[in-house]
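Note sheet for the following structure.
The values are calculated or read from the model by the stated rules, or taken from the named source; none is laboratory data. Because the structure is a prediction, the values reported are computed rather than measured. Neighbour counts are summed over all protein chains in view; Cβ atoms, including those assigned to glycine, are modelled from backbone coordinates with ideal geometry.
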Amino acid sequence: MEFYTPNFAGITILPPFQDTPLELKSASLYKYTLPFKQPLVLKHTTLHNREGLVLVLTDANGHVGISEISPLPAFSRETIETALLNTTMLLEKMIGSGKFTAHCSSPRRGGWAESGAPSIAHYGVETAILSLLANIHDESPGALLFGSASHQVPINGLIRGSLSDWVPESERMVTGGYQTLKIKVGRINSILEARGIQDIRKSVGPDIKLRLDANRSWDLATAIEFGKAVESADIEYIEEPLIEAAELPRFFDACGVLFAFDETLHQIMDPTISFESYTGLRALVLKPTLIACTARFIALVNQARENNVQPILSSSYESDVGLIHLAQLAGSIGGQKIAVGLDTRSALTSGTTRSPAAVQNGYMSTKALTTKDLDLSHCELLYQT
Ligand code: OSB
Ligand code: MG
């Protein structure tokens, strides 16, 4: 049989890996609860714990596929309860349904764009299948989709503390090997923040890349004022400076600071949206966990590349299992050249693997996970076939 669920329909894995017959034998689904070191303050919520699901699939030959399904409260449309329900429903359909091939796009289907709303349950199951296929072929999941893979990826150090910590934190990160920093702005007075950015530039020198993220905090006038004030600090780009995304080209025209889409991508679901009309667009910040559809994620990577916009893969405070998958995808997209946004593990007290998906010397490893690497001591088994 051919296995179609809505989101699987649009994924094209590269020809050497297509049509691999799969037969699932068992599935286990665990729920983890991991405390944050400090309450995580996000734009519309504050979190004390991260909760999510870890899925382990085993095929008839003993290969495993491992993935994580972790909707982020206030960002994901789905909750952990709906994700759990939808995942178990999918698993019920798949287990015991005999041999199938997955991830072959069918010309009869319209691909992901016609496949209905993205679902984190689908995303989690397709990720586990991708991980299973990768293990069968002894390749990285990213290589199945994008062709190549690097053994490590550079990470942008994430600075989310208060203004007085910016310079010491930046210095600590640069000493630790980070070559790109991402600073969260738009939280207090924008003039003070602009000065803080200038101070960071002075202290880290000209060779460190600086990215900013304003999470849509400003009106056009405030953003332009900020942009002009940091003009000499050589900012690589600023994510989502404006409340109104449509005004972004005017922001760029007025101050010359390049910008990136993050939240805006989750509002525009039209896959054909033209990025060409956005003068000044430097990057797409792509969070597969929030996009919740591998095919749409691939489409966005391709669209970015076609428009000379950088695809920057980024995490959403997943546990180690999810982060390792993201690092593997990143290693196949930007390789060792483009720093990606995976510096979120340090916010958690513990994780889901024996050794954490740590950043070392500014890089994260893309090494594949095996069941031996899992640490499920913070998990509860919820479902097993
Ligand atoms: O605003 O970019 C954000 C994580 C979860 C939700 C929103 C955001 C983030 C990050 C991830 O900042 C880290 C990064 O992109 O470097
Ligand atoms: Mg952002």
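Quick notes on this structure:
- Residues that are under 24 Å from residue 125 (Cα atoms), within 13 Å of ligand 1 (Cβ to nearest atom) and either assigned by TED's automatic domain parsing to the domain that holds residue 126 or of a type in the set (S, T, N, Q) (or both) occur in the range 287-304; there is at least one.
- When residue 243 is tested against the conditions (1) surrounded by 18 or more Cβ atoms within 10 Å (Cβ to Cβ); (2) under 20 Å from residue 191 (Cα atoms), the lone failure is (1).
- Qualifying position, being charged (D, E, K, R) and free of Cβ contacts under 8 Å to residues at least 40 places away in the same chain, among 68, 81: 81
- Of all the listed residues (40, 55), the sole one being part of a strand (DSSP E or B) and away from ligand 2 (no atom under 16 Å from the Cβ) is 55.
- Evaluation of residue 118 against the conditions (1) within 16 Å of ligand 2 (Cβ to nearest atom); (2) at pLDDT below 85 shows that the sole unmet condition is (1).
- Scan of the range 305-349 for residues that are within 10 Å of ligand 1 (Cβ to nearest atom), over 15 Å from residue 182 (Cα atoms) and either among the hydroxyl-bearing types (Ser, Thr, Tyr) or free of Cβ contacts under 8 Å to residues at least 12 places away in the same chain (or both), ordered by number: 317
- Residue 280 meets the conditions (1) surrounded by fewer than 21 Cβ atoms within 10 Å (Cβ to Cβ); (2) more than 24 Å from the chain's Cα centre (by Cα) in every case but one. The failed one is (2).
- Within the range 362-373, residues that are under 10 Å from residue 64 (Cβ atoms) sit with their Cβ atoms under 6 Å from residues that are part of a strand (DSSP E or B), at 6+ positions apart or across chains, in these pairs: 369/66; 371/64.
- Test for residue 385: is it crowded, with 20+ Cβ neighbours inside 10 Å, of a type in the set (Ser, Thr, Tyr) and in contact with a helix residue (DSSP H, G or I) (Cβ under 8 Å, 6 or more places away or on another chain): no
- Residue count, the range 298-349 (criterion: more than 16 Å from ligand 2 (Cβ to nearest atom) and in a strand (DSSP E or B)): 1
- Reported count of residues in the range 275-302, each being among the polar types (S, T, N, Q) and closer than 27 Å to residue 228 by Cα, is 2.
- Residues of the range 176-196 that are more than 16 Å from ligand 2 (Cβ to nearest atom) and within 30 Å of residue 267 (Cβ to Cβ): 188, 189, 190, 191, 192, 194, 196.
- Test: residue in the range 355-362 that is surrounded by fewer than 20 Cβ atoms within 10 Å (Cβ to Cβ), out of contact with any His (no Cβ under 7 Å at 6 or more places or on another chain), modelled with pLDDT of 95 or more and hydroxyl-bearing (Ser, Thr, Tyr): no
- Flag if residue 186 is surrounded by 15 or more Cβ atoms within 10 Å (Cβ to Cβ), in contact with a Phe, Trp or Tyr (Cβ under 8 Å, 6 or more places away or on another chain) and part of a loop (DSSP other than H, G, I, E, B): yes
- Any hit, the range 143-160, residues being within 14 Å of ligand 1 (Cβ to nearest atom) and among the charged types (D, E, K, R): yes
- Subset of the range 200-239 [surrounded by fewer than 17 Cβ atoms within 10 Å (Cβ to Cβ) and outside any helix (DSSP H, G or I)]: 205, 206, 207, 219, 234
- Picking from residues in the range 240-263 that are touching a Phe, Trp or Tyr at 6+ places or on another chain (Cβ under 7 Å) and outside any loop (DSSP other than H, G, I, E, B), the one that is farthest from ligand 1 (Cβ to nearest atom) is 249.
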